[in-house]
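Just so you know, all these numbers are worked out from the coordinates, no wet-lab data involved. This one's a predicted model, so the numbers in the text were calculated from it and none came from an experiment. Backbone-built Cβ (ideal geometry, glycine too); neighbour counts: all protein chains shown.
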Amino acid sequence: MKIRIKYYAAVREEVGINEEVLDIKDGTSMGDLIDLITRKHGLKGLNVNCLVNNLHVTADRLLHAEDSVVIFPPVAGG
């Protein structure tokens with residue numbers, strides 16, 4: 001199944017692209033996707049927040065065909 005992934009801020013700089021479409025297996029979790037992205041782009045210790053279809057998700061969220069994924073760094077403020 002294909003999903004579209006958009007990268008923002010420091011994550012975009014680390015990955016080197018704004019977005020990509022990946023073909024993943026049914027039953028892939030958000031955590032599995034982060035592992036895949038980490039390996040594909042040679043990253044280490046990727047600490048991110050994730051949205052799927054505009055909703056914040058955790059690593060155990062299963063992905064579905066045509067999901068829209070947004071990955072961005074943690075936000076800190078004061």
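Brief remarks follow.
- Option label - mean projected area of the Cα convex hull in nm² computed here, alternatives (i) 5.1; (ii) 4.6; (iii) 7.4: (i)
- For the chain, the longest principal axis of the C-alpha atoms and the axis of helix 30-40 are separated by about 70°.
- The alpha-carbon of K2 sits under 20 angstrom from the alpha-carbons of these lysines, leaving out residues fewer than 8 places away in its chain: K25, K40.
- Lysines with Cα under 22 Å of K44, excluding same-chain neighbours fewer than 8 positions away: K6
- Farthest towards the positive end of the charge dipole of the stretch 2-72, among the residues N47, H64, L33, is the Cα of N47, using unit charges on the Cβ of Lys, Arg, Asp and Glu.
- In the chain, the calculated helix contribution to ellipticity at 222 nm averages -6500 deg cm²/dmol per residue, counting -39,500 (n - 2.57) for every DSSP H run with n ≥ 4.
- Beta bridges by DSSP in the chain, antiparallel share as percent, to the nearest 5: 75 percent
- Approximate spin-label separation I17-H41, in nm, with each point projected 7 Å along Cα-to-Cβ: 1.0 nm
- Summing charges over neighbours of P73, with a neighbour being any other residue whose Cβ is under 14 Å away from its Cβ, gives 0 when K and R count +1 and D and E count -1.
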